[in-house]
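The values are calculated or read from the model by the stated rules, or taken from the named source; none is laboratory data. For clarity, every value in this text was computed on a predicted model and none was experimentally measured. In this analysis, Cβ positions are derived from the backbone assuming ideal geometry, glycine residues included, and neighbour counts consider all displayed protein chains.
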Amino acid sequence: MLTTGNAAANNMKNTRKIIVIEDDRDISELIAYNLRQQGYFCEQVFSGLDAVDELKRKPFEIIILDLMLPGIDGFDICRELKSEGDNPRRIRYMRICLGQTCILPNLLK
């Protein structure tokens, strides 16, 4: 299922499109709510399979991605995006944050 927010999305001051890929609906809603409050256009998907479909259909500037998803996990989604070759939607930079620790994975090299 995909949600894009309320009618205020049409009046967003920031045109950056963000997708939140998170199967825990409470966490997803919290992230999306705060992004929308800051003026970002935000879409939500709740499974890996839906995420791959949505990412192939639309370009997003920022992807907030849970690693542990039903169907296809976050690492497989990254590999799928990487396999698109010269597609402008491919991932150019990635940071994984687990709690307060952030790493730059070798996955995309």
Of everything in the stretch 31-60, what is among the aromatic types (Phe, Trp, Tyr), under 20 Å from Thr15 (Cα atoms) and modelled with pLDDT of 90 or more? Give them in sequence order. Tyr33, Tyr40, Phe41
Checking Ile63 against (1) part of a helix (DSSP H, G or I); (2) closer than 22 Å to Thr15 by Cα, only one condition comes out false. Which one? (1)
Scan the stretch 66-85 for residues that are touching a Gly at 6+ places or on another chain (Cβ under 9 Å), part of a helix (DSSP H, G or I) and not acidic (Asp, Glu) and jot them down. Gly74, Ile77
Residues of the stretch 50-60 that turn out to be surrounded by 14 or more Cβ atoms within 10 Å (Cβ to Cβ) and in a helix (DSSP H, G or I), as a count: 5
